[in-house]
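This report concerns only the one structure given below.
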Amino acid sequence: MVLSCAGAAIGTAKSGIGISGIGTFKPELIMRSLIPVVMSGILSVYGLVVAVLIAGGISPKDYSLFNGFMHLSCGLSVGFACLASGYSIGIVGDEGVRQFMHQPKLFVGIVLILIFAEVLGLYGMIIALILNTKGSG
């Protein structure tokens, strides 16, 4: 969960720099420019979901080494995927928001790129869910 939240923080911070930069020139664009920040916040939810599933699968009686490594790999897969996703959302969000100020036609393309960057974190969560079911079953 720590890596997922780090990815969300990186994405929010890098996108926030761009949003605050355009806020001084065109304040009416701030609400449309918050999309990268919202998408970055979703990344931490992916980590939270996997952390709750891992915590629910831990029992002290029959917790094998295999289950421990499966839970470790679940956390690492969603964590690193969300970290990479947050970094890419931050870079695209920062530069995309700045260029959106100059050319509003770029909005759809920027949102599509942000969606594909968000899907990277979703892929990590899907892999973590698959690993979690293999470890518990």
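Please list 70-83, 45-58 highest first by mean number of surrounding beta-carbon atoms within 10 Å per residue.
Numbers: 70-83: 22.6, 45-58: 17.1.
Result, highest mean Cβ count within 10 Å first: 70-83, 45-58.
Are there trypsin sites (Lys or Arg not before Pro) in region 34-137 that DSSP puts in a loop and that have at most 15 other Cβ atoms within 10 Å, and which ones?
On the way: sites: K61, R98, K105, K134; in loops: K61.
Within region 34-137, the qualifying trypsin sites (Lys or Arg not before Pro) (loop, at most 15 other Cβ atoms within 10 Å) are K61.
Once the Cβ-Cβ distance between Y63 and L106 is put in as r, and R0 is 35 Å, what FRET efficiency do you end up with, to the nearest 0.05? Can you show the working numbers first?
Numbers: r = 51 Å, r/R0 = 1.45.
It comes out at approximately 0.10.
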| query | Among the aspartates and glutamates, which fall within straight-line cross-link reach of K105, defined as a Cα-Cα distance under 20 Å, with same-chain neighbours fewer than 8 residues apart omitted? | reply | E28, D94, E95
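How would L34, L65 line up from fewest to most surrounding beta-carbon atoms within 10 angstrom?
L65, L34
May I ask you to derive the FRET efficiency for R98 and I127 from their Cβ-Cβ distance with R0 = 25 Å, giving the value to the nearest 0.05?
On the way: r = 33 Å, r/R0 = 1.33.
Given R0 = 25 Å and the Cβ-Cβ separation, E is 0.15.
About its Cα centre, how strong a charge dipole does region 1-136 have in debye, to the nearest 20, once Lys and Arg get +1 and Asp and Glu get -1 at the Cβ?
On the way: 7 positive and 5 negative charges, 20 e Å.
Taking the Cα centre of region 1-136 as origin, the dipole is about 100 debye.
Only the coordinates and a few stated rules stand behind these numbers; no lab work does. Keep in mind that this is a model prediction, so the values were computed, not measured. Neighbour counts are summed over all protein chains in view; Cβ atoms, including those assigned to glycine, are modelled from backbone coordinates with ideal geometry.
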